[in-house]
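**Student:** Dropping the structure in here first, questions after.
The values are calculated or read from the model by the stated rules, or taken from the named source; none is laboratory data. Please read these numbers as outputs of a predicted model, since none were measured by experiment. All Cβ positions, even for glycine, are placed from backbone atoms using ideal geometry, and neighbour counts span all protein chains on display.
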Amino acid sequence: MKVITLSELETNFDAIMEDVETNRQFYKIQREEGDVMLVPYAEYSVLTETYQEWAENPDNEIMKDFDPNPLPVEYINEAEPTL
């Protein structure tokens, strides 16, 4: 994982996106409003599937009152769902 500032992301956006895509690199972006992550989608999918299995485990006491359903997805402007 690489940690960068929002300014660094803005300055080197194309190179960072290529690093995420080509090298499967994770980026933590530090912002005053709160940090966010930039993660390759394939790895994100594995993480969410693993989380879903963990959250639905009936023996998991921590998760007994937690809603494991993922947040809704919103497609912005020209973004389209992938098949």
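**Student:** Select, from Val46, Val3, the only residue that is in contact with a Lys or Arg (Cβ under 7 Å, 6 or more places away or on another chain) and either modelled with pLDDT of 90 or more or assigned to a helix (DSSP H, G or I) (or both).
**Tutor:** Every option except Val3 fails the conditions.
**Student:** When the range 12-32 is examined, which residues are found to be out of contact with any Asp or Glu (no Cβ under 8 Å at 6 or more places or on another chain) and part of a loop (DSSP other than H, G, I, E, B)?
**Tutor:** Asn12, Arg31, Glu32
**Student:** Evaluate the following for Glu56: is it modelled with pLDDT under 90 and either among the charged types (D, E, K, R) or outside the structural domain of Glu8 (by TED's automatic domain parsing) (or both)?
**Tutor:** So Glu56 fits the description; yes.
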